[in-house]
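Enquirer: One structure coming up, written as C-alpha coordinates, with questions to follow.
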Amino acid sequence: MDDVEIKSAADGGSYFENMLAVSKEQVKNLIEHQDEPIDKNDWGMAVYTVNAMYDSLANSITFPAGILQAPIYDVNASYEENLGGIGYIIAHEITHAFDNNGAKFDENGNATDWWTEEDYSAFSKLCKDAEAFYDGEEAAPGIAANGELTLSENIADLGAVSCITEIVSHLDNPNYEALYKSIARTWASSSSREYMQYISQTNVHCLDKLRTNRTIVNDQKFYDTFGIKENDGMYVAPEDRVNIW
Ligand SMILES: [Zn+2]
(Lines give C-alpha, C1' and ligand atoms only; values in the text may rest on other atoms or scores of the structure.)
Protein backbone atom coordinates (compact mmCIF):
# COMPACT_ATOMS: atom_id res chain seq x y z
CA MET A 1 0.00 0.00 0.00
CA ASP A 2 3.06 2.27 0.07
CA ASP A 3 2.31 3.49 -3.46
CA VAL A 4 -1.26 4.60 -2.68
CA GLU A 5 -1.75 8.31 -2.54
CA ILE A 6 -4.23 9.19 0.21
CA LYS A 7 -5.43 12.77 0.03
CA SER A 8 -7.10 14.57 2.94
CA ALA A 9 -10.31 16.51 2.40
CA ALA A 10 -8.30 19.73 2.90
CA ASP A 11 -6.14 18.72 -0.06
CA GLY A 12 -9.16 18.02 -2.25
CA GLY A 13 -9.38 14.27 -1.56
CA SER A 14 -12.52 12.34 -0.68
CA TYR A 15 -13.27 9.12 1.15
CA PHE A 16 -14.59 7.60 -2.08
CA GLU A 17 -11.48 8.45 -4.09
CA ASN A 18 -9.16 7.23 -1.34
CA MET A 19 -11.00 3.91 -1.07
CA LEU A 20 -10.90 3.57 -4.84
CA ALA A 21 -7.13 4.16 -4.82
CA VAL A 22 -6.68 1.45 -2.13
CA SER A 23 -8.87 -1.01 -4.07
CA LYS A 24 -6.97 -0.35 -7.31
CA GLU A 25 -3.65 -1.01 -5.58
CA GLN A 26 -4.99 -4.24 -4.05
CA VAL A 27 -6.13 -5.51 -7.45
CA LYS A 28 -2.79 -4.48 -9.02
CA ASN A 29 -0.93 -6.44 -6.31
CA LEU A 30 -3.07 -9.54 -6.88
CA ILE A 31 -2.44 -9.45 -10.63
CA GLU A 32 1.30 -8.88 -10.17
CA HIS A 33 1.63 -11.88 -7.85
CA GLN A 34 -0.87 -14.23 -9.49
CA ASP A 35 1.70 -16.75 -10.75
CA GLU A 36 3.81 -16.76 -7.61
CA PRO A 37 3.51 -19.14 -4.66
CA ILE A 38 1.19 -17.97 -1.86
CA ASP A 39 2.97 -15.86 0.75
CA LYS A 40 1.74 -17.52 3.93
CA ASN A 41 3.05 -14.66 6.07
CA ASP A 42 0.97 -12.09 4.24
CA TRP A 43 -1.84 -10.66 6.40
CA GLY A 44 -5.24 -10.22 4.85
CA MET A 45 -6.18 -7.40 7.22
CA ALA A 46 -4.64 -4.43 9.02
CA VAL A 47 -3.18 -4.72 12.51
CA TYR A 48 -5.72 -2.25 13.97
CA THR A 49 -8.77 -4.04 12.49
CA VAL A 50 -11.30 -5.45 14.96
CA ASN A 51 -11.87 -8.65 13.03
CA ALA A 52 -10.26 -12.02 12.36
CA MET A 53 -9.99 -14.36 9.40
CA TYR A 54 -9.26 -17.81 8.06
CA ASP A 55 -7.41 -18.09 4.77
CA SER A 56 -8.05 -21.39 2.99
CA LEU A 57 -5.12 -20.83 0.58
CA ALA A 58 -2.62 -20.57 3.43
CA ASN A 59 -4.64 -22.71 5.88
CA SER A 60 -3.97 -19.95 8.41
CA ILE A 61 -5.91 -17.94 10.97
CA THR A 62 -5.19 -14.25 11.62
CA PHE A 63 -6.05 -12.22 14.74
CA PRO A 64 -4.91 -8.60 14.45
CA ALA A 65 -4.03 -6.67 17.62
CA GLY A 66 -7.28 -4.73 17.14
CA ILE A 67 -9.44 -7.67 18.24
CA LEU A 68 -7.20 -8.83 21.08
CA GLN A 69 -8.51 -6.31 23.57
CA ALA A 70 -11.49 -5.79 25.90
CA PRO A 71 -14.24 -6.74 25.82
CA ILE A 72 -13.42 -9.49 23.25
CA TYR A 73 -10.32 -10.46 25.22
CA ASP A 74 -9.99 -8.96 28.68
CA VAL A 75 -7.15 -9.88 30.98
CA ASN A 76 -9.45 -9.10 33.95
CA ALA A 77 -12.39 -11.19 32.70
CA SER A 78 -13.12 -14.77 33.77
CA TYR A 79 -12.03 -17.78 31.73
CA GLU A 80 -15.61 -18.42 30.59
CA GLU A 81 -16.11 -14.76 29.60
CA ASN A 82 -12.97 -14.79 27.47
CA LEU A 83 -14.04 -18.09 25.91
CA GLY A 84 -17.37 -16.49 24.96
CA GLY A 85 -15.42 -13.60 23.42
CA ILE A 86 -12.07 -14.30 21.77
CA GLY A 87 -12.51 -18.08 22.30
CA TYR A 88 -15.63 -18.03 20.12
CA ILE A 89 -13.79 -16.05 17.43
CA ILE A 90 -10.74 -18.34 17.41
CA ALA A 91 -12.87 -21.50 17.27
CA HIS A 92 -14.99 -19.90 14.52
CA GLU A 93 -11.92 -19.20 12.36
CA ILE A 94 -10.50 -22.70 12.87
CA THR A 95 -13.86 -24.23 11.90
CA HIS A 96 -13.69 -22.38 8.58
CA ALA A 97 -10.97 -24.87 7.64
CA PHE A 98 -13.71 -27.52 7.63
CA ASP A 99 -16.75 -25.58 6.47
CA ASN A 100 -18.39 -26.14 3.07
CA ASN A 101 -15.63 -24.01 1.46
CA GLY A 102 -12.63 -25.01 3.60
CA ALA A 103 -13.54 -28.67 3.08
CA LYS A 104 -12.36 -28.31 -0.49
CA PHE A 105 -8.78 -27.31 0.46
CA ASP A 106 -6.13 -29.50 2.06
CA GLU A 107 -3.73 -28.63 4.89
CA ASN A 108 -1.37 -26.90 2.43
CA GLY A 109 -4.07 -24.73 0.89
CA ASN A 110 -4.38 -26.76 -2.30
CA ALA A 111 -7.84 -27.26 -3.79
CA THR A 112 -8.25 -31.01 -3.51
CA ASP A 113 -10.69 -33.65 -2.31
CA TRP A 114 -9.27 -35.08 0.91
CA TRP A 115 -12.48 -36.58 2.38
CA THR A 116 -13.71 -40.15 2.28
CA GLU A 117 -16.87 -40.40 0.22
CA GLU A 118 -18.82 -41.52 3.29
CA ASP A 119 -17.62 -38.60 5.45
CA TYR A 120 -18.28 -36.02 2.79
CA SER A 121 -21.77 -37.25 2.09
CA ALA A 122 -22.62 -37.24 5.83
CA PHE A 123 -21.13 -33.74 6.13
CA SER A 124 -23.12 -32.50 3.11
CA LYS A 125 -26.33 -33.77 4.68
CA LEU A 126 -25.56 -31.90 7.91
CA CYS A 127 -24.81 -28.77 5.87
CA LYS A 128 -28.28 -29.04 4.34
CA ASP A 129 -29.76 -29.26 7.84
CA ALA A 130 -27.81 -26.16 8.88
CA GLU A 131 -28.96 -24.31 5.78
CA ALA A 132 -32.61 -25.03 6.58
CA PHE A 133 -32.11 -24.25 10.27
CA TYR A 134 -31.09 -20.63 9.60
CA ASP A 135 -33.08 -20.00 6.42
CA GLY A 136 -35.99 -17.62 6.94
CA GLU A 137 -35.10 -16.86 10.56
CA GLU A 138 -35.77 -13.22 11.29
CA ALA A 139 -33.22 -10.94 12.93
CA ALA A 140 -35.94 -8.26 12.98
CA PRO A 141 -39.57 -8.42 11.81
CA GLY A 142 -39.52 -8.91 8.03
CA ILE A 143 -35.72 -9.27 7.80
CA ALA A 144 -34.92 -12.93 7.31
CA ALA A 145 -31.67 -14.86 6.92
CA ASN A 146 -30.72 -16.60 3.69
CA GLY A 147 -29.55 -20.06 4.80
CA GLU A 148 -27.63 -20.78 1.61
CA LEU A 149 -25.78 -17.44 1.50
CA THR A 150 -24.72 -17.68 5.16
CA LEU A 151 -23.98 -21.41 5.34
CA SER A 152 -20.18 -21.29 5.71
CA GLU A 153 -20.35 -18.68 8.48
CA ASN A 154 -23.12 -20.53 10.30
CA ILE A 155 -21.11 -23.76 10.16
CA ALA A 156 -18.19 -21.84 11.70
CA ASP A 157 -20.45 -20.39 14.42
CA LEU A 158 -21.90 -23.82 15.22
CA GLY A 159 -18.39 -25.26 15.45
CA ALA A 160 -17.29 -22.38 17.66
CA VAL A 161 -20.10 -22.88 20.18
CA SER A 162 -19.60 -26.67 20.26
CA CYS A 163 -15.88 -26.18 20.85
CA ILE A 164 -16.02 -23.58 23.63
CA THR A 165 -18.91 -25.34 25.39
CA GLU A 166 -16.86 -28.53 25.51
CA ILE A 167 -13.83 -26.65 26.85
CA VAL A 168 -15.97 -25.15 29.63
CA SER A 169 -17.36 -28.60 30.48
CA HIS A 170 -13.86 -29.71 31.51
CA LEU A 171 -13.60 -27.01 34.20
CA ASP A 172 -14.11 -27.99 37.85
CA ASN A 173 -16.99 -25.62 38.42
CA PRO A 174 -18.07 -24.38 34.97
CA ASN A 175 -20.03 -21.13 34.72
CA TYR A 176 -22.11 -21.68 31.58
CA GLU A 177 -24.20 -18.59 32.26
CA ALA A 178 -21.07 -16.40 32.02
CA LEU A 179 -20.15 -18.13 28.78
CA TYR A 180 -23.53 -17.60 27.11
CA LYS A 181 -23.84 -14.02 28.31
CA SER A 182 -20.37 -13.29 26.96
CA ILE A 183 -21.36 -14.72 23.55
CA ALA A 184 -24.44 -12.50 23.54
CA ARG A 185 -22.38 -9.45 24.50
CA THR A 186 -19.84 -10.17 21.76
CA TRP A 187 -22.56 -9.98 19.10
CA ALA A 188 -24.71 -7.24 20.67
CA SER A 189 -25.10 -4.44 18.14
CA SER A 190 -27.56 -1.95 16.76
CA SER A 191 -28.06 -0.77 13.20
CA SER A 192 -30.67 0.86 11.03
CA ARG A 193 -33.40 -1.22 9.46
CA GLU A 194 -32.10 -0.27 5.98
CA TYR A 195 -28.61 -1.49 6.83
CA MET A 196 -29.97 -4.76 8.24
CA GLN A 197 -31.99 -5.32 5.07
CA TYR A 198 -28.90 -4.71 2.95
CA ILE A 199 -26.68 -7.01 5.04
CA SER A 200 -29.28 -9.79 5.14
CA GLN A 201 -29.28 -9.96 1.35
CA THR A 202 -25.59 -9.53 0.60
CA ASN A 203 -23.41 -10.59 3.54
CA VAL A 204 -22.18 -14.15 4.12
CA HIS A 205 -22.67 -13.64 7.88
CA CYS A 206 -26.07 -13.78 9.53
CA LEU A 207 -27.10 -10.62 11.32
CA ASP A 208 -25.53 -10.45 14.78
CA LYS A 209 -28.67 -11.38 16.72
CA LEU A 210 -28.97 -14.68 14.87
CA ARG A 211 -25.27 -15.41 15.31
CA THR A 212 -26.07 -15.74 19.00
CA ASN A 213 -29.71 -16.75 19.19
CA ARG A 214 -29.84 -19.33 16.40
CA THR A 215 -26.50 -20.88 17.27
CA ILE A 216 -26.60 -21.45 21.03
CA VAL A 217 -30.03 -23.12 20.87
CA ASN A 218 -28.42 -26.25 19.45
CA ASP A 219 -26.71 -27.09 22.72
CA GLN A 220 -28.60 -28.74 25.59
CA LYS A 221 -26.42 -26.87 28.10
CA PHE A 222 -28.11 -23.63 27.01
CA TYR A 223 -31.53 -25.02 28.02
CA ASP A 224 -30.20 -26.40 31.31
CA THR A 225 -28.43 -23.16 32.21
CA PHE A 226 -31.43 -20.85 31.81
CA GLY A 227 -34.22 -23.35 32.59
CA ILE A 228 -35.72 -23.03 29.11
CA LYS A 229 -38.92 -24.99 28.55
CA GLU A 230 -40.93 -26.06 25.53
CA ASN A 231 -43.11 -22.95 25.32
CA ASP A 232 -40.25 -20.46 25.59
CA GLY A 233 -39.36 -18.33 22.57
CA MET A 234 -35.91 -19.78 21.91
CA TYR A 235 -36.88 -23.43 22.49
CA VAL A 236 -35.97 -25.85 19.72
CA ALA A 237 -36.96 -29.52 20.08
CA PRO A 238 -33.90 -31.82 20.38
CA GLU A 239 -34.71 -33.59 17.09
CA ASP A 240 -34.75 -30.25 15.25
CA ARG A 241 -31.36 -29.05 16.53
CA VAL A 242 -28.29 -29.06 14.29
CA ASN A 243 -25.10 -30.66 15.54
CA ILE A 244 -22.39 -30.86 12.92
CA TRP A 245 -19.41 -30.94 15.25
ZN1 LIG B 1 -16.21 -16.42 9.52
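Enquirer: Can you pick out the pairs among 181/209; 128/209; 40/104; 104/128; 181/221 whose Cα atoms lie more than 20 Å from each other?
Expert: Correct reply: 128/209.
Enquirer: Give the separation of the Cα centroids, the range 107-122 to the range 8-22, in Å.
Expert: Between the Cα centre of the range 107-122 and that of the range 8-22, the gap is 45 Å.
Enquirer: When the convex hull of the C-alpha atoms of the chain is computed, what volume per residue in Å³ does it have?
Expert: 167 Å³
Enquirer: Distance in nm between label sites at residue 68 and residue 148, each 7 Å beyond Cα in the beta-carbon direction?
Expert: 4.0 nm
Enquirer: Related question: Heavy-atom accessible area per residue, the range 38-162, 1.4 Å probe: how many Å²?
Expert: Accessible area per residue, the range 38-162: 51 Å².
Enquirer: How big is the range 88-191 in terms of Cα radius of gyration and Dmax, in angstroms?
Expert: 15.9, 44
Enquirer: Compute the Rg/Rh shape ratio of the range 106-160: radius of gyration over Kirkwood radius, all on alpha-carbon atoms.
Expert: My calculation of the ratio gives 1.10.
Enquirer: Hey, any idea what Rg/Rh is for the range 1-88, computing Rh the Kirkwood way over Cα pairs?
Expert: Answer for the range 1-88: 1.10.
Enquirer: To the nearest 10 Å², what's residue 107's accessible area with a 1.4 Å probe?
Expert: Number for this one is 130 Å².
Enquirer: How big is the range 27-158 on each of its three principal axes, counting only the C-alpha atoms and giving the largest first in Å?
Expert: 46, 46, 30
Enquirer: Now for a separate question. Pick from 230, 131, 36: which residue has the top mean-square fluctuation in a GNM of the chain where Cα pairs under 10 Å get a spring?
Expert: Result: 36 has the largest fluctuation of those listed.
Enquirer: Step through the residues of the range 80-93 one at a time and calculate ³J(HN,Hα) from phi using the Karplus curve (6.51 cos²θ - 1.76 cosθ + 1.60, θ = phi - 60°), rounding each to whole Hz and writing x for Gly and Pro.
Expert: Karplus values, whole Hz, x for Gly and Pro: 5, 5, 5, 5, x, x, 5, x, 4, 5, 4, 5, 4, 5.
Enquirer: Here's another thing I want to ask about it. Give me the distance between the Cα centres of the range 126-140 and the range 177-221, rounded to whole Å.
Expert: Cα centroid to Cα centroid, the span is 13 Å.
Enquirer: Leaving ligands, DNA and RNA out of it, report the carbon-plus-sulfur percent of the accessible area of the chain at a 1.4 Å probe.
Expert: For the chain, the apolar C and S fraction of the accessible surface comes to 51 percent.
Enquirer: Given a 10 angstrom Cα cut-off, can you work out which residue in 171, 20, 158 is the most mobile in a GNM of the chain?
Expert: Of 171, 20, 158, the most mobile in the Gaussian network model is 20.
The values are calculated or read from the model by the stated rules, or taken from the named source; none is laboratory data. Treat the numbers as computed from the prediction; the structure is a model and nothing was measured. Neighbour counts run over all protein chains shown; Cβ positions are idealised from the backbone, glycine included. Calculation scope for accessible area: heavy atoms of the full protein, side chains included, ligands and nucleic acids excluded. Shrake-Rupley method; radii C 1.70, N 1.55, O 1.52, S 1.80 Å.
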